[in-house]
Amino acid sequence: MDVRSTLSYLYWLFCQFELITCSYLMEPWEKVLFYSFNLATLGLLLYTTYVCVAFQASSAFQLLCSFLGTPRENALAVVK
């Protein structure tokens with residue numbers, strides 16, 4: 001893929017974002033605040049997703065390991 005066409009596409013996406021959010025009407029200092037808030041929110045969302053997915057995957061793995069334990073361990077668990 002051509003680098004120039006990729007940059008052109010990214011610029012087009014940015015222009016679409018500015019049109020949708022009406023940020024092209026903002027003053028430069030307002031744009032800085034607006035984009036900073038949006039990037040901070042996106043960063044926190046990605047971090048929270050990363051932490052929660054890791055926790056859920058760990059829990060699911062432990063549950064799977066408990067189901068796939070040796071039959072002797074499962075029999076002892078039932079007796080207790």
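Around LEU25, what is the net charge, scoring Lys/Arg as +1 and Asp/Glu as -1 over all other residues with Cβ under 11 Å from its Cβ? Spell out each step's value before the answer.
On the way: positive: LYS31; negative: GLU18, GLU27, GLU30.
Net charge in that neighbourhood comes out at -2.
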Open item on the list: So with the 1.4 Å probe, I'd like the accessible area per residue for segment 3-69, rounded to whole Å².
Closed with: 87 Å²
Task: Two-site label geometry, LYS31 and PHE14: point separation in nm, points 7 Å out along Cα→Cβ - done: 0.9 nm
TODO: Mind giving me the FRET efficiency for PHE61 and THR6? R0 is 35 Å, r the Cβ-Cβ distance, nearest 0.05 is fine.
DONE: 0.35
TODO: Could you state how much accessible area GLU30 has, in square angstrom rounded to the nearest 10, with a 1.4 Å probe and all protein chains kept in place?
DONE: 70 Å²
Task: Apportionment of accessible area to carbon and sulfur, segment 3-69, percent (1.4 Å) - done: 77 percent
Task: Global form of segment 1-58, assessed from the alpha-carbon gyration tensor, a/c cut-off 1.5 - done: oblate
Open item on the list: For the pair THR21/THR41, report the inter-label distance in nm, with labels modelled 7 Å from Cα in the Cβ direction.
Closed with: 0.8 nm
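The values are calculated or read from the model by the stated rules, or taken from the named source; none is laboratory data. Keep in mind that what you see is a predicted model, and the values were worked out from it rather than measured. Virtual Cβ from ideal backbone geometry, glycine too; neighbours counted across all protein chains shown. We work out accessible area using only protein heavy atoms, side chains counted, and drop any ligands, DNA or RNA first. Shrake-Rupley method; radii C 1.70, N 1.55, O 1.52, S 1.80 Å.
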